[in-house]
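Only one structure is covered here, and it is reproduced in the block below.
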Amino acid sequence: MADTKISALTAASAAAAANEFAINEAGTSKKLTLQQIVDFLVKRAAGTTVAAGEYTTRLVLAANSSDITGLTLTTVMSITGVGVGRYYFRCQLVYQTSATTTGIGVAVNHTGTLTQFVVERRFSDNIATASSGAASEINTLAANAVYASQGSRTKNTLIGAVTISVDTANTDMITMIEGFFVVSVTGTLEIKLEAELASLVCRAMQGSFLELVKLS
């Protein structure tokens, strides 16, 4: 029986997760669904931690973290088994603090060995001239707010300094963390959070998002 060319097949009405594709696994004919192929390329999970996928790993925080009091950097999201290679990552960290006078500090760690690491943190400031370190999600100045930026080349330490306040207590704020690193010994990628001062309280909120992309 002659093989049928792909071009001669009837087109699917639409892509569906259950659509199947023929593959050869160690000489045996098997099948994969479209969902299995997508999951291989982009690993997705909801929780506080997930093992790294082959190419892209996405983790969403499924529940708020416990309250974090004071100046101890606490891991709120992590990706395990981040092995040898070059990586890009970004984190959309949603957080709250218990008082308007409370800011936060953030850090990124990899528990293995890195030969290169650089990271930046950005957030919307509360004024339109020069950054004050006071985060705001409600700035209505006609000139618009500045975007504050901090950076670091050292893992597991504060990125820049702590911020000094939020616009509203116990209300969602957002800070963006983005960077690049090179791994020589496998470890865990960790996003860490702390409050501004010893007696102050903050927490990471559900919906915080961490994406890791293996570049090579």
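Values in this text are rule-based calculations from the coordinates and carry no lab data. Since we're looking at a predicted model, the values are computed, not measured.
Points to keep in mind about this one:
- For the chain, built as a Gaussian network whose Cα springs stay under 10 Å, the top-fluctuating residue of Ser13, Ser132, Ser78: Ser13
- Whichever lysines have a C-alpha closer than 30 Å to that of Lys214, once near sequence neighbours (fewer than 8 apart) are set aside: Lys30, Lys31, Lys43, Lys155, Lys192
- Comparing the chain with the 2.2 N^0.38 Å rule of thumb, its C-alpha radius of gyration ratio is 1.28 (two decimals).
- Cα centroid separation, segment 1-74 to segment 104-121 (Å): 27
- Descending Cα extents along the principal axes, segment 162-216, whole Å: 42, 23, 17
- Fluctuation leader among Gln150, Gln92, Gln35 - the chain, Gaussian network, Cα springs under 10 angstrom: Gln35
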